[in-house]
Amino acid sequence: MQPQTPQQTARSTRGRLLMQLRPTSSSMCRITRQQTTTRTPCLASSLLLGKEYFRLAGASSWLAGGVVKRRRHRKLERRCGETTTSRARIKKISEENNNTNASQSHRKAQQKRPIPIPNYPSLIGKKIRQYHPHPSTATAVSSSTSSTKKSWLLLMLYCACVCCCCCLGPVSAFDCDFTRVSGAVSGPKTGAFASPLLNGHTVPAYGLQCIYTFIALPTERVKLAFRDFNLAGRPPDCLHEYIDLYTELRNATEDLVQTDKFGGRFCGKIAPRPRISLYNTIVLVFSFDRAALTPHLFAGTYEFINASMYDMGTPAPPSTCAYVVKSWVKRAGDIVSPTYPGVYPQRIMCSYQFLGQRSTNQRVRIEFMDFDLFSGGAHCPYDRLTIHDGATEQDPVISTNCGPQRGLIVFSSQENLFISFITNRSGGENRGFHAIFEFSENYVNLEFITAGEHVRGTECDQRILSTGRSNGIIKSPNSPFLYQPNVECRYFIEGLNNAEDLERVRLTVEMFRMPQLLGAEKGDCSAGGLTVWFTGVESRSSGPSDTTQTTLCGTPNLPLPALFSADSKILLKFYSGTTQGLGFRILYQFETYFKVPGIAHPDSNICEFRFQSGPHIKSGDFHSPRHPANYPPNTNCTYIFEGAANEQARLEFDLFRLSGDGNYNNDCQNQDYVDIFETSAVDSRQRRRDMLIGRYCGTAMPAPIISRFGVHDLKLRFVTDATGVTNGFRGRYMFQPAEPTFSATKGCGENIRNQTHGRIAFPDFPDGEKSVSKYTVNASCEWWITVRPGYNVLVNLTFMGIEGSKNFQTCSATSCGCSGAALKVFTDLTTDKQLNPELCGVEATDIPNGGQLRSPKNVMRLTFTTSSKATGGDGFALRWNEVRHPVVGDRCEADEFFCDKNKFCINKDLRCDGHHNCGEFDGSDESVTECGEPEVEVSFFEDLTMMGSVGGAVGGVLLIVIVMVVCVCRRRRKAERRRKRQQNMNQDQHHEWNS
């Protein structure tokens, strides 16, 4: 429950104060705010004020004997006596607390003096002095100057009371105050309190206030705990029924209006949490303005508890909760927040200074048994507990803590420690903290830490940071001597991890002796051991199969296999039991880490990794360095995939994104790229030859790659420059049984020889028709075309329906490329400088040169491969023929046809066969001159690219034909007319001759 702060209640303070100072029956017995609610007749109180005035003026005997009647005096005693008696007790206890230095005889005399019942003049004079705090009021009443001033004040107040009583008339009396004093006859150490009952009394329109006062002995404190709470309203709107708490009062006579020790306002259904006084007094003010009160509004218990637990050391003024704890005075004990386990005060500053002895190598240990502070965020801007590794606030900070905490244990590095506890106006209801401390010379001596630095706040933890491929030695505590029992130390070892450098940790055990218990089984490390977390994060083991950690103990045979971190960090925890030993000595090394699976090069600074086929390893993953993070710049990495003698290596890519804008046009200059080679031995000296399969860059994802029959290895080389990095690539490798190139079980592929032309289609379908079946996954087909020496192979694609796209203007970054399937054309098999194109897609723009490719020599190799994730497609179809480029002065053979534009010689049988066999943009073998006007079959891609131009040409031709027809018709008509005229003229001449 959130109490009201003083700011939230400021708006009602003025009104409440005016209400409490009105000359009603409540102000007759109490004038100040905290002593309202007793209902004594106005006239009697006015006469009492007059008595006080005349007593101070020297006429007290006259007033007591002639004016004030004893029966009225006794009536007032009955109505205000109980409260006056309680006030006298309060005054007595307060005087005892404030006069602890008085003599014993004077204190006894004061105790023997009878309590004045009633003593209204002195009570009223006391309250007037509270509202008029002039220095003169501190002097004795016998002073003439003080008496004169008091008499004038009393006279003025007497006149005001008489006037007000005449206007207001009498009011019925009702007293709801509640006072408990520890040590008094009627005040036990524990008890209960509850909301008041009206018992038929009428509540004035402006309401009532009931004051519950709890006063403990100087060596005690007050504890309040609410059992029931059922008030009207809902915080912060506490208007009709509410409770104000004052837990930081030094004594019961403090003015509640002027004090800043306001502990909060509460209403609603949620009870306040337990409260403990900061000194020895708690005041609870219950305010209500209802005509009737329902029972059981609130109830609780009070207890006067021993305050010795809050005496934690030598006080250090001016703060009320600052202590100095000296080891030569108190070696161990408890420290608590000022009012623990009650809600701690707001706006308070406490400090706890622990001073040890350096000569004996003392250190301080603090363990928090309970920690509950207001949580204001990660940086604790409100309430906080700060621990400093030294004697002052200027020493290094170990930690700043807030909110709930568990298992918080802090060690000093040397003999001193300083704790500061600061609270602000958080408005929380948290109980604070409870901790135990101890000074000891038996904690681990930190001199064994030589490689790193001690982690402040821990007993013996250390952190070692790389300075760039550095190394060093870590040792067990107290090395080279026996380690202490029941000790736990951690070693945080961290390599570089930034945009340019990534390191991993390598551990080599040089000495290890941590004896086990007698009769313990192998692997039983309960007596002590060294646990290694390869991920750098401490966690519980999930069992023997847990590969993220291992534990060493006993006396193993050396050398042990080297231990490597999974990333840039590794964590070691040394723990000892009841036995002791010499411990361990371990060499650590920071080495460059590319975070690539596979067998790394012996020199960790060389980026080379091998993926070898084994009896149980036939596949795996590979990726760029540090993937899925960005790869480093200026890197040259090599990946070697080594298959067995009867295997072929296969690569498939799932992601490919390099820095740059390269594509399948082989434009990979001045940017990051990947080269893929087939590698094979060339002689008995194990020299190897690499043949380039393809170069890839940008987002041009490579197609599935498989080594040729008889070639077992593939090599991938990844080269990056100094500018621009991305997350690189990711793929899979497989080693599959070798299968002959032209195996009949494949159902595809052929070694074509002694032919001049032909057709290839996969899946096979008739010429001029579309495929009726789809290609399947993991297909691998190969065609070799060998023509006569001196001739080249010319390929013309007539159909292609392969998944993927090479149109970088229309495809997305994830769909560009031929990762599912591809037709590869190897035009030159004698050099590794030729970059062989990969073909996929269904558009004419997906392949270069309009679908026509020519080999520089008489051999061409074509492969069609699909990956394990291929979705299936229609495949492809192509026609090929041999061509010869005659030298100057040479002519085509008699059985050959000469292509006019490309100057090729092709087989004469290909003339007028309905296909363009002369190469790109040369249709002379199918021209009208040669073939007349037969129907000419054009290729699939020629049809797609020429469709628009043909439409325009047809329209133009039609227009020309129409114009020509019109012109011809007109000429014929004119000729016909001329002919008829000439015929008529001839007939006329014939008639003339006959006549």
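The values are calculated or read from the model by the stated rules, or taken from the named source; none is laboratory data. Keep in mind that this is a model prediction, so the values were computed, not measured. A quick note on method: Cβ atoms are made from the backbone with ideal geometry, for glycine too, and the neighbour counts reach across all protein chains shown. Please note that ligands, DNA and RNA were not included when accessible areas were found on the heavy atoms of the full protein model with its side chains. Shrake-Rupley method; radii C 1.70, N 1.55, O 1.52, S 1.80 Å.
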Worksheet item: Solvent-accessible area per residue for region 178-306 at a 1.4 Å probe radius, Å²?
Response: 41 Å²
Practice prompt. Output the peptides 522-528, 694-700 sorted from most to least packed, where packing is the average of other Cβ atoms within 10 Å over each peptide's residues.
Written response: 694-700, 522-528
Discussion item. Need one number: nm distance between label points at K269 and K908, each 7 Å from Cα along Cα→Cβ, rounded to one decimal.
Written reply: 11.0 nm
Response to the item:
Carbon plus sulfur, as percent of the 1.4 Å-probe accessible area of region 178-306, comes to 53 percent
Worksheet item: Which length gain, in nm to one decimal place, applies between Q669 and Q982 when the Cα-Cα distance is subtracted from 0.36 nm times their residue separation?
Response: 104.5 nm
Item to complete: Determine, from the Cβ-Cβ distance of N858 and I599 and an R0 of 60 Å, the FRET efficiency 1/(1 + (r/R0)^6), rounded to the nearest 0.05.
Response: 0.90
Worksheet item: Dipole magnitude of region 599-737 about its Cα centre, charges +1 at Lys/Arg Cβ and -1 at Asp/Glu Cβ only, in debye to the nearest 20?
Response: 280 debye
Discussion item. Please report the carbon-and-sulfur percent of the accessible area for region 520-663; probe 1.4 Å, protein heavy atoms only, DNA, RNA and ligands left out.
Written reply: 51 percent
Worksheet entry | region 308-440, accessible area per residue, ligands and nucleic acids excluded (1.4 Å, Å²) | 43 Å²
Item to complete: For each pair in K618/K774; K715/K901; K569/K869, compute the distance between the two Cα atoms and list the pairs where it is over 32 Å.
Response: K715/K901; K569/K869
Worksheet entry | Nearest-20 debye value, region 308-440 charge dipole, Cβ charges on Lys, Arg, Asp, Glu | 120 debye
Worksheet item: With the dipole of region 204-323 worked out from charges on the C-beta (+1 for Lys and Arg, -1 for Asp and Glu) around the Cα centre, which of L249, N230, A307 lies farthest toward the positive end?
Response: N230
Worksheet entry | Per-residue HN-Hα couplings for region 206-220 [Karplus 6.51, -1.76, 1.60; θ = phi - 60°; Hz; x = Gly/Pro] | 8, x, 9, 10, 10, 10, 10, 10, 10, 10, 9, 5, x, 9, 10
Item to complete: Taking amide H positions as placed in the peptide plane 1.01 Å from N, state which residues far from Q549 in sequence (5 or more) or on other chains have amide H under 5 Å from it.
Response: F534
Fill in: Rounded to the nearest 10 Å², the accessible area of H434 at probe 1.4 Å
40 Å²
Worksheet, complete the sentence: Output row, site D334, 7 Å Cα→C-beta label point, backbone N cut-off 19 Å, window region 414-437, residues 430-437
Discussion item. How charged is the neighbourhood of E303? Take every other residue with its Cβ under 12 Å from the Cβ of E303, and add Lys/Arg as +1 and Asp/Glu as -1.
Written reply: +4
Fill in: Cα-centre dipole for region 453-592 with unit charges at Cβ (Lys and Arg positive, Asp and Glu negative), debye to 20
280 debye
Worksheet item: Per residue, what volume in Å³ does the Cα convex hull of region 599-737 take up?
Response: 121 Å³
Discussion item. Report the gain in length on full extension from F742 to L558: 0.36 nm times residue separation, minus Cα-Cα distance, nm rounded to one decimal.
Written reply: 60.8 nm
Practice prompt. Please give the length that would be gained between A975 and A225 if that part of the chain were fully extended, namely 0.36 nm times their separation in residues minus their C-alpha to C-alpha distance (nm, one decimal).
Written response: 256.8 nm
Discussion item. Please compute the modelled spin-label separation between Q484 and I617, points set 7 Å along Cα→Cβ, answer in nm with one decimal.
Written reply: 4.6 nm
Worksheet item: In units of 2.2 N^0.38 Å, what is the alpha-carbon radius of gyration of region 178-306?
Response: 1.04
Worksheet item: Counting only the backbone N, which residues of region 444-459 are under 15 Å from the spot 7 Å out from the Cα of T467 toward its beta-carbon?
Response: 450-453
Discussion item. How much accessible area per residue does region 599-737 have, counting only protein heavy atoms and a probe of 1.4 Å, in square angstrom?
Written reply: 43 Å²
Discussion item. Leaving ligands and nucleic acids out of the surface, order L563, L482, L862 by accessible area at 1.4 Å, largest first.
Written reply: L482, L563, L862
Worksheet, complete the sentence: Carbon/sulfur accessible area of region 308-440, % of total, 1.4 Å probe, equals 51 percent
Discussion item. Between D501 and Q394, how high is the FRET efficiency from 1/(1 + (r/R0)^6) when r is the Cβ-Cβ distance and R₀ = 60 Å? Nearest 0.05.
Written reply: 0.95
Fill in: Cα-based convex hull, region 219-372, per residue volume (Å³, whole number)
135 Å³
Worksheet item: Where the eigenvalues come from the Cα gyration tensor of region 326-440, what are the semi-axes √(5λ) of the equivalent ellipsoid, largest first, in whole Å?
Response: 25, 14, 12
Discussion item. What percentages make up the Cα-Cα pair-distance distribution of region 453-592 when the bins are 5 Å wide from 0?
Written reply: 2, 10, 19, 23, 22, 14, 7, 2, 1, 0, 0
Worksheet item: Which number do you get for Rg(Cα) / (2.2 N^0.38 Å) in region 566-641?
Response: 1.55
